[in-house]
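Read through the structure below, which is laid out as structure tokens, and then see the notes.
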Amino acid sequence: MKKQKNNDTVKTVFKYIKSYRISIALSLLFAVMTVVLTLYLPILTGDAVDFMIEKGHVDFKSLAALIGKMVIIICITGIAQWIMNICNNKITYNVVRDIRQDAFKKLEILPLKYLDAHAPGDIVSRIIADADQFADGLLMGFTQAFTGVLTIAGTLLFMLSINIWITIVVVIVTPLSFFVAGFISKRTYKMFQLQSAARGEQTSLVDEMVGNQKVVQAYSHEDEALEKFSEINNRLKKYSLNATFYSSITNPATRFVNNLVYAGVGVTGALFAINGYLTVGGLSCFLSYANQYTKPFNEISGVITELQNALACAARVFEFINEEPQIPDASDAKSLENVRGEVEFDNVHFSYVPDKKLITDFNLHVKQGQRVAIVGPTGCGKTTVINLIMRFYDVGSGSIKIDGIDIRQITRKSLRNNIGMVLQETWIKDGTIFDNIVIGKPDATMEEAITAAKASHAHSFIKRLPNGYDTVVKEDGSNLSQGQKQLLCIARVMLLRPPVLILDEATSSIDTRTEIKIQNAFAKLMDGRTSFIVAHRLSTIQNADIILVMKDGNIIEQGNHQNLLKQGGFYANLYNSQFT
Amino acid sequence: MKKLLVYIKEYTKECMLGPSFKLLEACFDLIVPLVMAAIIDNGIAIGDKRYIFKYGGILVLLAIIGLICSITAQYFAAKAATGFAANLRVALFKHIEALSFTEMDEIGTSTMITRMTSDINQLQSGVNMALRLFLRSPFIVFGAAIMAFTIDLKSALVFVVVIPLLAAVIFGIMLISMPLYKKVQSALDNVLSMTRQNLTGVRVIRAFNKEQAELQSFSDSNEKLTNMQLFVGKISALTNPVTYVMINIALVILLWVGGIQVNIGSLTQGEVVALVNYMSQILVELIKLANTIVLSTKAVACGGRVQSILEIESSMRNGDYKDKEKERISGTEVIFKHVGMAYKGAGANSISDIDFIAKAGSVTGVIGGTGSGKSTLVNLIPRFYDVSEGSVFIDGRDVKSYELYSLRNKIGIVLQKAVLFRGTIRENILWGNPEASDQDVIEALKAAQAWEIVISKDKGLDYVIEQGGRNLSGGQKQRFTIARALVRKPSVLILDDSASALDFATDAKLRKSLQELSYKPTIFIVSQRTSSIQHADNILVLDDGELVGQGTHEELVKNCEVYREIYQSQMEG
């Protein structure tokens, strides 16, 4: 099962890499070149040493020729290495770019059902961090593994060509370092797990206590918090020491094995040299091989964990990219034109979770220009109705029609073009105030934007900002108050003047006096337009043509203000409670 | 950064021992090529097998001693680094806890959390790395050069030339690429924040049909990032080939000079091999050193940031008056005398010249538009902020003269943002008063209209609230936070717009039960709804930070235009 998944991941990886075959071929070619030449150099060095036997016996002529050869080889190696690095960079960065691009493209067409159910932080980390890790790990790891294996094989061949027995000594001792590193990393893995668990625990405590420090101080809870913190901190210190120490043994240990190999080669080499089976130059060459030979082993053991990690990251990104997108617009989907604004709900059933019914058999006919208000306790499904009209979610059964056309037969674009929406949760795009107002109509002029801002009573605060309409605001909008952000969102819709309006608690953070003024502007805007208003301030909705009172996903009462008061039901209760 | 050294003081011993053992190991590393040279020149030349075995034995011995030294060094380094980080974390946490609201607003929560976590982690690995490598690498580099001098003066000159050259190239590339990497990072941040925005704003983006436009602008940023990465990559891809070429050219020169020296008899073959060995040791250590420097510049930057937080001092001086334990339990009088308050860095006062008396046991309503200064006003009572002008008195005493703990202990404040902590319902309520019995807790919950929530949960008081109260609705959270304030039976109870998510019926019930509390606290209710405060004994009407009217509902409807407007706006719709 897991293997199958890994295979799929690898297949997808290849799909992405395929476009860069030429770079890959070049990279491999130059890798081979680099490795071979790098390994060849010690032999030449050894030869050079052999040209200088003792006083008066230095063969300068041969030495000069050899040195010339070496310089050429060195330069070629350097260039080959550089080209290889550049190819690798090119593959890596382009592949991540492609993956990010695909992931983002997917993001724009995923159903809200998926996006609402997943934490934004998680998705962001898939698209950014995981993609990056994948690139770093898998591609770098791959090239490292490739050159590593090549180096080992090459070294063995070169060594064999010089002397079999010393080669055997090297081959016997080196896997030791592999073994030692593996042994240590297995031990430390557990310690790292403990460390990151303690770290996570501490971060979440800090998050809670520092994040809500005002409450902590209001209730003089500092000492208790510190006590808890210190307890975790001590544990973290212990685990951290273990993890840091044991993992840092790896280096000395592998270096130790290295030194053993070095000693072994030195002794056996010297013995062979005495008998004349090996020259001093040959020995010197062996010694440098002994130094190089173990390095790829250490690297490869690191590379394997890196590769596993990278594959895991890749799997997470690909999982996101392969997520089922929203149902595409029907092939014969119409584009809405000259919308009157009649909205019909026919036997609509809907639920977010299959076994938890929310809206059942909902029927409503809204005539052109009517104002519909939706009230009810939190969680009763008010916002759901809006999700359905905007087609953020599709109905389970039944249908919603605009001007008599099922909204599933309309392109999403034209549907949404004809509906203006202001939500309680304001969202500000990074950019200027102007950019934010004209989001629905990018070709709007400054005059139009100002008119819209004036209508939504945002103009007075905007002009007091340091750069007026050109002031840059950020998504978290720290320089704007919640109320100001809502005013901006309202200005967006004021600019568009769509035939259907949806206001979901659009003025909840605005004080009632300003709200009244905006209401008047809305009233003008809504004149002749169909509108849906969700609010818990009853004052906002009294003038609606239809008031829907919802509870637990059902419409329990329906009528205008007067009628509902006369009925003496839930609405009347709600209304009267504000005067008790 | 320097001031942080205090926290490593406890580990002075480890900080000395770690690098010392590292140096010892390095010394042994430097001896190895000499031993090998001896084997070649004496053992092989004479054909003495015993000599070879003896010196081979020395090599093994050196390896063992080296291993022991370096493991010891690693241990001391790890101990000092982790201990240092642990000390620093506690100090920073304590420090942050003691900061006043003014400083907290200024620093910002996310900054404090980053300092506490990732900055200190980076600092820890920086310290660990520095203790291990900062002494070792330069030591080996210079040691190898010196050893070369002991072997042969002329050949050693090659080292003198090549070491500074190599260092210049490695650090030069590093210096050029580091600022570029910062640019790459900010391009990456840009791509990241775009992704985040498209998630948080997905409804707006789709409602306005901005998908294609967003995709286009993401593509541009993505492309820009990739190009920048490729550009920096080209530069840093030079490091390896250039150092390789340089060190090997030096090697070639060494061989030539060595050849000359051997020819005139001042150098042996074995010594040439030793020199070649030293050259390759230098290369390895220089690369390590470059990495260490990158890591430590990062760590120093983190250290600087942590220190800057530690240097911020609380602007609030603690008073020394302590209330006698449970001296009085009923409401106390609260007086504002010409109070003005400006937030730090703000141009103008948020509230000014506020004057009123809240009698013991009375209910005061505070109403006004968005940004009129309602929250500011009530935040002055528990002294979350200090007044800029005038003074606030509780029980006839200036709040500044109270010890903060004692002051805040008398007050139950429910903040606008309903915050609960991970733990059971009971644990959360006990924040208000750790000594409260279950009976007290239940009573408080009932008064806050929260008891019905508790009984609907199968585990009752032991129901576990998730971090941030994610498993509760807004209205439920608000009622729990009110219960938390009530359980301490405060002398002053402040509700800062903390019933906004309650429907009118529950809101009304809550107000009724607050008036029936046996210990009769002095109550402040901040609200935007007139219905929530119209029955208060005294209503303060704020407009743009000014107190534009006070009195009962009836009086204000008659005399105060702002109040009348608010009231009418909510009546008529």
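Among the DSSP beta bridges whose two residues both lie in chain A, what percent are antiparallel, rounded to the nearest 5?
55
Given B:Ser456, B:Val294, B:Thr530, which one lies farthest toward the positive end of the charge dipole of chain B, if we put +1 on the Cβ of every Lys and Arg and -1 on the Cβ of every Asp and Glu?
B:Val294
Considering every pair of different Cα atoms, what Kirkwood radius, in Å, is found for the range B:153-266?
After inverting the mean inverse Cα-Cα distance, the result is 18.2 Å.
Just how large is the dipole of the protein assembly as shown about the Cα centre, in debye to the nearest 20, putting +1 at every Lys and Arg Cβ and -1 at every Asp and Glu Cβ?
1800
Mind putting together the pair-distance distribution for the range A:199-250? All Cα pairs, 5 Å bins, whole percent per bin, short to long.
All Cα pairs considered, the percentages come to 4, 20, 22, 18, 12, 9, 6, 5, 2, 1.
Among A:Val170, A:Asn6, A:Ile99, which residue has its Cα furthest toward the positive end of the charge dipole of chain A, with +1 on Lys/Arg Cβ and -1 on Asp/Glu Cβ?
Among A:Val170, A:Asn6, A:Ile99, the one farthest towards the positive end of the dipole of chain A is A:Val170.
Taking only the Cα atoms of chain A, how large is their convex hull per residue, in Å³?
251
Taking only the alpha-carbon atoms of the range A:99-164, what semi-axes of the equivalent ellipsoid follow from 5 times the gyration tensor eigenvalues under a square root, in whole Å, largest first?
Working from the Cα gyration tensor, I get semi-axes of 46, 9, 7 Å.
Taking the Cβ of B:Ile264 as the center, what net charge do the other residues with Cβ under 13 Å away carry, scoring Lys and Arg +1 and Asp and Glu -1?
Overall, the nearby charge balance is 0.
Hey, any idea what Rg/Rh is for the range B:461-509, computing Rh the Kirkwood way over Cα pairs?
In the range B:461-509, Rg relative to Rh is 0.98.
Per the helix-only calculation at 222 nm, which mean residue ellipticity applies to chain B, given -39500 (n - 2.57) for every DSSP H run of n ≥ 4 and division by its residues, nearest 500 deg cm²/dmol?
Result for chain B, helices only: -20500 deg cm²/dmol.
Ranking A:Ile541, B:Ile260, B:Ile44 by Cβ neighbours within 10 Å, fewest first, what do you get?
Exposure proxy ranking, most exposed first: B:Ile260, A:Ile541, B:Ile44.
Can you list the DSSP H helices in chain A whose Cα atoms extend at least 30 Å along the helix axis and whose mean Kyte-Doolittle hydropathy is -0.5 or higher?
Helices passing the filter in chain A: A:21-51, A:60-109, A:141-162, A:175-211, A:222-274, A:280-321.
How large is the Kirkwood hydrodynamic radius of the protein assembly as shown, in angstrom, based on all distinct alpha carbon pairs?
35.0
Return the inverse of the average 1/r over all pairs of distinct C-alpha atoms in chain B, which is the Kirkwood hydrodynamic radius, in Å to one decimal.
Averaging 1/r across every pair of different Cα atoms and inverting gives 30.4 Å.
Take the Cα atoms of the range B:334-572, build their convex hull, and give its volume per residue in Å³.
Once divided by residue count, the hull of the range B:334-572 is 128 Å³.
Net charge near B:Met16: determine it from the other residues with C-beta under 14 Å of the C-beta of B:Met16, scoring Lys and Arg +1 and Asp and Glu -1.
Residues near B:Met16 contribute +3 overall.
Please sort by residue number the trypsin sites (Lys or Arg not before Pro) in the range A:1-87 whose DSSP state is loop and whose Cβ has at most 14 other Cβ atoms within 10 Å.
A:Lys55
Can you compute the charge dipole magnitude of the range B:334-572 about its Cα centre, using +1 on each Lys and Arg Cβ and -1 on each Asp and Glu Cβ, nothing else charged? Give it in debye, rounded to the nearest 20.
Here the range B:334-572 has a charge dipole of around 660 debye.
Work out the length of the dipole vector of chain B about its Cα centre, built from +1 on the beta-carbon of each Lys and Arg and -1 on the beta-carbon of each Asp and Glu, and round it to the nearest 20 debye.
Computed about the Cα centre, the dipole is about 1460 debye.
How big is the range A:371-426 along each principal axis, measuring the range of its Cα positions in Å and listing the largest first?
33, 27, 21
What are the DSSP H helices in chain B that stretch 27 Å or more along their long axis, judged by alpha-carbon atoms, and whose average Kyte-Doolittle hydropathy comes to at least 0.0?
Span-like helices, by this rule, are B:12-38, B:49-98, B:153-200, B:239-264, B:269-311.
Can you divide the C-alpha Rg of the range B:1-112 by 2.2 N^0.38 Å and report the result to two decimal places?
1.87
Specify which residue in the list A:Thr151, B:Met16, B:Ala505 is farthest towards the positive end of the charge dipole of the protein assembly as shown, using unit charges on the beta carbon of Lys, Arg (+1) and Asp, Glu (-1), about the Cα centre.
A:Thr151
Provide, for q = 0.17, 0.24, 0.25 Å⁻¹, the log10 of I(q)/I(0) from a solvent-free Debye sum over equal Cα point scatterers in the range B:52-106.
-0.71, -0.89, -0.91
The numbers here are math on the coordinates, done by the rules we state, and not lab data. Bear in mind the structure is a predicted one, so any value in this text is a computation, not a measurement. Using ideal geometry, Cβ is built from the backbone for each residue, glycine included, and neighbour counts are taken over all protein chains shown.
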